[in-house]
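Trainee: After the structure tokens below, expect a handful of questions from me.
None of the figures in this text is laboratory data; all of them are computed from the coordinates on show. Remember, it's a predicted structure, so these values are computed and weren't measured experimentally. Quick reminder, even Gly has a Cβ in these numbers, built from the backbone with ideal geometry, and neighbours come from all protein chains shown.
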């Protein structure tokens with residue numbers, strides 16, 4: 001059976017060039033970057049070269065790129081250090097953030113008594129920036145705003161520049177989880193006044209276990225992992241040189257091919273919307289994911305029937321997608337995004353799926369998916 005992978009928002013397959021780069025580093029560049037001998041300095045040189053190239057892509061200083069194990073670590077580090085070391089008393093966020101942001105915020109509420117304000121998304125899944133401005137003006141407490149750039153489930157995209165400017169005008173710090181958008185969109189942080197952002201390499205054909213935090217210079221953020229001077233004293237521990245090299249190569253490939261990759265994926269997504277509509281009458285698309293306004297890598301589908309086993313059934317047909325469950329009693333807990341966007345009737349009588357694409361997907365992949373959905377909808381499975 002020819003297997004089809006359509007869960008790229010969860011993780012992506014490693015690019016062959018990334019694998020080759022990492023193998024070379026493991027073979028020939030095994031020194032500790034903190035060592036003063038030539039082996040260590042060779043590794044240090046590679047580390048700083050990668051940092052500089054990533055910084056160039058984002059139009060920032062290399063000193064503002066701090067390597068981490070993943071986006072989750074970066075988000076935890078930023079939110080918790082902002083409270084612990086910058087005197088943040090209030091966090092404005094949304095109820096549809098990634099779990100690592102949501103739980104970091106709740107941890108700070110519980111342990112540090114931080115006030116938390118949630119901006120509820122509108123019926124299309126957007127965070128309305130007028131409400132952000134109102135919330136900022138309603139208190140003099142030192143505030144951190146944490147809003148993701150693109151929602152990892154429904155693909156709605158925040159106007160990052162506008163949100164950042166509102167925060168600046170109101171004296172708040174702004175953090176954005178950019179895990180779904182780094183290397184998929186052309187981000188220029190010299191023009192977007194975001195204070196903090198995050199990245200995970202495995203979202204764009206790099207290795208798991210490598211990511212970074214963007215931390216605006218002179219922010220005052222301090223380390224949450226201590227025990228060494230690595231990463232500008234912001235993240236102790238011997239750096240994952242092999243993983244960081246893979247991250248750098250994956251970002252280089254993604255940025256170099258951004259125009260071609262994005263055009264191809266947009267065409268695949270457009271075709272998927274068209275073919276799924278044909279295969280399953282009355283299908284809906286959650287948030288703005290079925291439109292050009294959403295992130296081009298994500299399509300959130302709402303099937304007009306209840307089937308908690310559909311993820312397994314698709315997998316048996318060789319198609320991998322992510323099953324979001326808008327559930328009734330006895331089914332998995334629904335995601336917060338689905339709970340907020342769907343009516344009670346839709347939650348009881350529909351099935352959400354997240355389909356996510358990469359440049360490796362083809363229209364024939366979509367044909368197989370659409371045919372499988374048609375057979376399941378018609379009870380032929």
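Trainee: I'd like to know if the range 324-341 contains one or more residues that are outside any helix (DSSP H, G or I), touching a strand residue (DSSP E or B) at 6+ places or on another chain (Cβ under 6 Å) and within 30 Å of residue 14 (Cβ to Cβ). Give the steps one after another, and end with the answer.
Mentor: If we filter the range 324-341 for residues that are outside any helix (DSSP H, G or I), which is where we start, we get 324-335.
Keeping just the survivors that are touching a strand residue (DSSP E or B) at 6+ places or on another chain (Cβ under 6 Å) gives 324, 326.
Filter once more, so that each one left must be within 30 Å of residue 14 (Cβ to Cβ): 324.
Yes, some residue in the range 324-341 is outside any helix (DSSP H, G or I), touching a strand residue (DSSP E or B) at 6+ places or on another chain (Cβ under 6 Å) and within 30 Å of residue 14 (Cβ to Cβ).
Trainee: With the condition being within 20 Å of the chain's Cα centre (by Cα) and farther than 30 Å from residue 136 by Cα, I'd like the helices (runs of 4 or more DSSP H) fully within the range 172-290 carrying at least 1 qualifying residues.
Mentor: Details: elements: 230-233, 241-256, 258-279.
The helices (runs of 4 or more DSSP H) meeting that bar are 241-256, 258-279.
Trainee: In addition: Starting from the range 268-280, take each residue that is farther than 16 Å from residue 6 by Cβ and list its partners that are outside any helix (DSSP H, G or I), counting only C-beta distances under 7 angstrom and pairs at least six apart or across chains.
Mentor: 277/283
Trainee: Please tell me if residue 231 is in contact (Cβ under 8 Å) with a residue 40 or more places away in the chain and in contact with a strand residue (DSSP E or B) (Cβ under 9 Å, 6 or more places away or on another chain).
Mentor: Details: in contact (Cβ under 8 Å) with a residue 40 or more places away in the chain: yes; in contact with a strand residue (DSSP E or B) (Cβ under 9 Å, 6 or more places away or on another chain): yes.
Taking the combined requirement at face value, the residue satisfies it.
Trainee: As an exercise: evaluate residue 300 against (1) part of a helix (DSSP H, G or I); (2) touching a strand residue (DSSP E or B) at 6+ places or on another chain (Cβ under 8 Å); (3) crowded, with 19+ Cβ neighbours inside 10 Å and give the number of the one condition it does not meet.
Mentor: Among (1) part of a helix (DSSP H, G or I); (2) touching a strand residue (DSSP E or B) at 6+ places or on another chain (Cβ under 8 Å); (3) crowded, with 19+ Cβ neighbours inside 10 Å, the lone unmet condition for residue 300 is (1).
Trainee: Any idea how many residues of the range 80-97 are touching a strand residue (DSSP E or B) at 6+ places or on another chain (Cβ under 8 Å), closer than 16 Å to residue 131 by Cα and part of a loop (DSSP other than H, G, I, E, B)?
Mentor: So the first thing to find is which residues in the range 80-97 are touching a strand residue (DSSP E or B) at 6+ places or on another chain (Cβ under 8 Å), and the list is 82-83, 86, 88-95, 97.
Narrowing further to those that are closer than 16 Å to residue 131 by Cα: 90-95.
Cutting the leftovers down to part of a loop (DSSP other than H, G, I, E, B) gives us 94-95.
Residues that pass the stated criteria total 2.
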